[in-house]
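The values are calculated or read from the model by the stated rules, or taken from the named source; none is laboratory data. All values derive from a computational prediction rather than experimental measurement. Methodologically, a virtual Cβ is constructed for each residue, glycine included, from the backbone with ideal geometry; neighbour enumeration extends over all protein chains shown. The accessibility values were calculated without ligands, DNA or RNA, using every heavy atom of the protein model including side chains. Shrake-Rupley method; radii C 1.70, N 1.55, O 1.52, S 1.80 Å.
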Amino acid sequence: MSTRSPGDSTATPTVSIERLNRRTTMALTMHQSSVFYFTRLLNNLSNILAKAQAHADETGTNPKDLLEARLTDDMFNLSQQIQMACLHPLLFVAGVTGKPAELQKDEDRSFAALRSRISKTVSLLESVRPEDLNGSEDREIVLATPRADLPFTGQGSLQIFSLPNFFFHVVTAYDILRHRGVPLGKMDFLGGLK
């Protein structure tokens, strides 16, 4: 239903209150709500880094200039953003499962090394079974971060801490490269809609 008349591009569409009040319940498991997003966006991030390497090769840009680029002085550089994007999923899985996180040393000095870190992180995430995470929504956990141990429920750690931090670092990595002239668009971040 719409209040638009033919040829009128300024009228706003209307939706009945009854339609707005209808809700569809769609339950996502903890595994679906975490591993799916982590692996999808990490794979997209790896593709973004491949484009950054190609851009550096084509333009004669020193890759180090991109790897050390940051949006502002008090933010992490590109390499650190990638490292943090890989760290948050691992901290989440470790917190929920109670297994120690398999952390990597922060020694990435090339696009290839960062892409390898992403690949290893994705492999670890893909090894997490649904039963390792599902049912942990209300489990009390302590998320061990480099700065502090944070008490959460499983669901709280995902929704309040892990996913927001993860998205922040992936988006910031994208923004650094876009700001430095790497030809990226929203679909590079989204990775296609299939």
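Of everything in the stretch 139-161, what is open to solvent by 60 Å² or more (accessible area, probe 1.4 Å) and either within 12 Å of Thr97 (Cα to Cα) or β-branched (Val, Ile, Thr) (or both)? Give them in sequence order.
Arg139, Glu140, Val142, Ile160
Scan the stretch 124-133 for residues that are open to solvent by 70 Å² or more (accessible area, probe 1.4 Å) and in a helix (DSSP H, G or I) and report the count.
2
Is it fair to say Gly135 is farther than 25 Å from Asn44 by Cα and under 21 Å from the mean Cα position of the chain (by Cα)?
Against the criterion (farther than 25 Å from Asn44 by Cα and under 21 Å from the mean Cα position of the chain (by Cα)), Gly135 does not qualify.
What pairs come up if the first residue lies in the stretch 104-117 and is free of Cβ contacts under 8 Å to residues at least 60 places away in the same chain, the second is outside any helix (DSSP H, G or I), and their beta carbons are under 7 Å apart, counting only those six or more places apart or on different chains?
Arg117/Gln104; Arg117/Asp108
Considering Arg40, Arg115, which residue is on the phi < 0 side of the Ramachandran plot, touching a Gly at 6+ places or on another chain (Cβ under 7 Å) and either open to solvent by less than 70 Å² (accessible area, probe 1.4 Å) or modelled with pLDDT of 85 or more (or both)?
Of Arg40, Arg115, the one residue that is on the phi < 0 side of the Ramachandran plot, touching a Gly at 6+ places or on another chain (Cβ under 7 Å) and either open to solvent by less than 70 Å² (accessible area, probe 1.4 Å) or modelled with pLDDT of 85 or more (or both) is Arg40.
Within the stretch 162-194, how many residues turn out to be β-branched (Val, Ile, Thr) and either over 30 Å from Ala144 (Cα atoms) or open to solvent by 60 Å² or more (accessible area, probe 1.4 Å) (or both)?
Adding up the residues that qualify gives 1.
Give the residue, chosen from Leu71, Leu45, Leu49, that is buried (at least 21 other Cβ atoms within 10 Å of the Cβ), farther than 23 Å from Leu158 by Cα and at pLDDT 90 or above.
Result: Leu49 is the single residue among Leu71, Leu45, Leu49 that is buried (at least 21 other Cβ atoms within 10 Å of the Cβ), farther than 23 Å from Leu158 by Cα and at pLDDT 90 or above.
Could you tell me whether Ser157 is of a type outside the set (D, E, K, R) and out of contact with any strand residue (DSSP E or B) (no Cβ under 6 Å at 6 or more places or on another chain)?
In short, no.
If you go through the stretch 89-98 one residue at a time, do you hit one that is outside any helix (DSSP H, G or I) and open to solvent by less than 40 Å² (accessible area, probe 1.4 Å)?
Looking for residues that are outside any helix (DSSP H, G or I) and open to solvent by less than 40 Å² (accessible area, probe 1.4 Å), one finds none in the stretch 89-98, hence no.
Every residue in the stretch 52-68 that is assigned to a helix (DSSP H, G or I), under 21 Å from the mean Cα position of the chain (by Cα) and surrounded by fewer than 22 Cβ atoms within 10 Å (Cβ to Cβ), please.
Residue satisfying the conditions is Gln53 alone.
On the given criteria, is Ser136 of a type outside the set (D, E, K, R) and either part of a helix (DSSP H, G or I) or surrounded by fewer than 16 Cβ atoms within 10 Å (Cβ to Cβ) (or both)?
no
Hey, any hits in the stretch 10-27 for a residue that's in a helix (DSSP H, G or I), modelled with pLDDT under 95 and either polar (S, T, N, Q) or within 25 Å of Pro130 (Cα to Cα) (or both)?
Scanning the stretch 10-27 turns up at least one residue that is in a helix (DSSP H, G or I), modelled with pLDDT under 95 and either polar (S, T, N, Q) or within 25 Å of Pro130 (Cα to Cα) (or both).
Given the criteria under 16 Å from Ser34 (Cβ atoms), under 16 Å from the mean Cα position of the chain (by Cα) and free of Cβ contacts under 8 Å to residues at least 40 places away in the same chain, does Leu158 qualify?
Here the answer is no, as Leu158 does not meet what is asked.
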